[in-house]
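Take a look at the structure below.
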Amino acid sequence: MRTKIALDTNILIYLFDASDENKRLIAETLILEKPIISSQVVSEFLNVSKRLLKLPKLEIILKVNRLFSNCEIASLNQEILEKAKDLIIRYDFQLYDSLIVAAALISGSNCLYSEDLQHNFLVENRLRIINPFL
């Protein structure tokens with residue numbers, strides 16, 4: 001079975017972080033895998049990029065459009081909201097984390113790369129959370 005991956009915001013932030021070359025290279029490799037990116041991650045990434053890069057908003061959106069051009073963007077919908085609710089009840093995920101995990105599950109991902117969630121945690125026996133920097 002082919003691994004279908006999803007990325008959390010914290011992984012993507014390293015794409016613009018010159019302070020840690022190793023993490024930047026790992027993030028660059030993962031973005032080339034054509035990952036699933038939830039709409040929650042897109043919003044968080046735009047917000048953090050604007051603050052960190054201090055670029056004009058048009059330049060930020062153009063940069064993000066290029067960056068995510070080969071990714072599948074998982075739009076927020078009722079199914080993801082319902083799944084997020086179930087994940088909060090079952091696993092006690094934080095609100096925004098539950099949306100990201102729900103989008104990964106609904107999109108058929110079997111691996112979610114995240115630096116913030118518990119490494120090697122298996123969600124619903126089908127989505128493994130991996131910290132790629134360990």
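We did not get these values from a lab; they are worked out from the coordinates using the rules stated. The structure displayed is predicted, hence computed values, not measured ones. Quick reminder, even Gly has a Cβ in these numbers, built from the backbone with ideal geometry, and neighbours come from all protein chains shown.
Strictly over 22 Å apart at the Cα level, which of Lys34/Lys57; Lys34/Lys85; Lys23/Lys63; Lys57/Lys85 would you flag in this model? Don't jump to the answer; show the numbers that get you there.
Details: Lys34/Lys57 25 Å; Lys34/Lys85 27 Å; Lys23/Lys63 19 Å; Lys57/Lys85 33 Å.
Where the Cα-Cα span goes over 22 Å, the pairs concerned are Lys34/Lys57; Lys34/Lys85; Lys57/Lys85.
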Helix 39-53 axis, angle to the chain major axis (alpha carbon atoms, nearest 10°):
30 degrees
FRET efficiency (Glu21, Lys57; Cβ distance; R0 22 Å; to 0.05) is 0.20
Just to check I understand the Karplus step: with θ = phi - 60° and J = 6.51 cos²θ - 1.76 cosθ + 1.60, what whole-Hz values come out for the stretch 114-123, glycine and proline as x?
8, 8, 9, 8, 5, 4, 6, 6, 9, 9
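Sort the following peptides by mean Cβ neighbour count (other Cβ atoms within 10 Å, averaged over residues), highest first: 34-43, 64-73.
Details: 34-43: 21.7, 64-73: 13.4.
Result, highest mean first: 34-43, 64-73.
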Hull shadow area, averaged, the stretch 52-112 [alpha-carbon convex hull, nm²]:
5.5 nm²
Under a plain spin-label model, where a point goes 7 Å from the Cα along Cα-to-Cβ, how far apart in nm are Lys50 and Asp92?
3.4 nm
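Within a Cβ distance under 15 Å of Ile129, other residues only, what is the Lys/Arg minus Asp/Glu net charge? Each step should come with its number before you reach the end.
Working: positive: Lys4, Arg90, Arg126, Arg128; negative: Asp8, Asp92, Asp97, Glu115, Asp116, Glu124.
Computed value for this residue: -2.
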Under a 5 Å amide H to amide H cut-off, with H placed in plane at 1.01 Å, what residues pair with Val123 once short-range neighbours are removed?
Arg128, Ile129
FRET efficiency for Gln78 and His119, using Cβ-Cβ distance with R0 set to 30 Å, rounded to 0.05
0.45
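With a 10 Å radius around each residue's Cβ, average the other Cβ atoms per peptide and rank 103-110, 125-132, highest first.
Values: 103-110: 21.2, 125-132: 15.8.
Result, highest mean Cβ count within 10 Å first: 103-110, 125-132.
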Distance in nm between label sites at Phe133 and Asn70, each 7 Å beyond Cα in the beta-carbon direction?
2.3 nm
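Just the C-alpha atoms of the stretch 1-64: what Rg/Rh do they give, with Rh taken as the Kirkwood radius? Could you put the intermediate results ahead of the total?
Working: Rg = 12.2 Å, Rh = 12.4 Å.
My calculation puts Rg/Rh at 0.98.
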Rotationally averaged projected area of the chain (alpha carbon convex hull; nm²)
8.1 nm²
For the stretch 5-130, size of Cβ-based charge dipole, Lys and Arg +1, Asp and Glu -1, in debye:
340 debye
